[in-house]
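The values are calculated or read from the model by the stated rules, or taken from the named source; none is laboratory data. Here the structure is a predicted model, which is why all the values come from computation and not from measurement. Using ideal geometry, Cβ is built from the backbone for each residue, glycine included, and neighbour counts are taken over all protein chains shown. What goes into the accessible areas is simple: the full protein's heavy atoms, side chains included, and nothing from ligands, DNA or RNA. Shrake-Rupley method; radii C 1.70, N 1.55, O 1.52, S 1.80 Å.
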Amino acid sequence: RTESIYKNYYQGKMDYLYFFFFRAYELLNPRGIVGFLTTQYFVTADGASILRSFLQSRVTVKEIVNYR
């Protein structure tokens with residue numbers, strides 16, 4: 001069952017880290033908050049367009065901190 005769900009989110013050249021975003025969303029309570037420490041790569045990567053669309057349509061991003 002899980003395999004078929006994530007197949008909808010798969011995109012060529014994507015980082016497997018992105019599945020953690022999808023899974024966190026599934027587990028999160030309706031008014032819950034989740035945080036990630038990750039690279040900034042998903043913000044511009046070609047292989048992250050499905051993830052960006054997913055996040056844009058389903059979550060509110062409170063803050064992005066860029067540690068350079």
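The table for this structure:
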{"read-out": "Given charges at Cβ of Lys, Arg, Asp, Glu: the chain dipole, positive-most of Gln11, Ile64, Ala45", "value": "Ile64"}
{"read-out": "Inter-label distance, nm, simple model (7 Å from Cα along the C-beta direction), Tyr10/Gln56", "value": "2.4 nm"}
{"read-out": "Simple Cβ-charge dipole of segment 18-68, Lys/Arg +1 and Asp/Glu -1, about Cα centre, in debye nearest 20", "value": "120 debye"}
{"read-out": "Once exposed loop chymotrypsin sites (Phe, Trp or Tyr not before Pro) are cut out (DSSP; at most 13 other Cβ, 10 Å), longest piece of the chain", "value": "37-66"}
{"read-out": "Difference of contour (0.36 nm per residue) and Cα-Cα distance, Leu28 to Tyr41", "value": "2.3 nm"}
{"read-out": "Net charge of neighbours whose Cβ lies under 15 Å from the Cβ of Arg52, counting Lys and Arg as +1 and Asp and Glu as -1", "value": "0"}
{"read-out": "Segment 5-45: trypsin sites (Lys or Arg not before Pro) falling in loop per DSSP and having at most 15 other Cβ within 10 Å", "value": "Lys13, Arg31"}
{"read-out": "Carbon/sulfur fraction of accessible area - the chain, other protein chains in place, 1.4 Å, %", "value": "53 percent"}
{"read-out": "Compactness relative to 2.2 N^0.38 Å, alpha carbon Rg of the chain", "value": "1.12"}
{"read-out": "Whole-number accessible area per residue in Å² for the chain, which is evaluated in the context of all protein chains at 1.4 Å", "value": "88 Å²"}
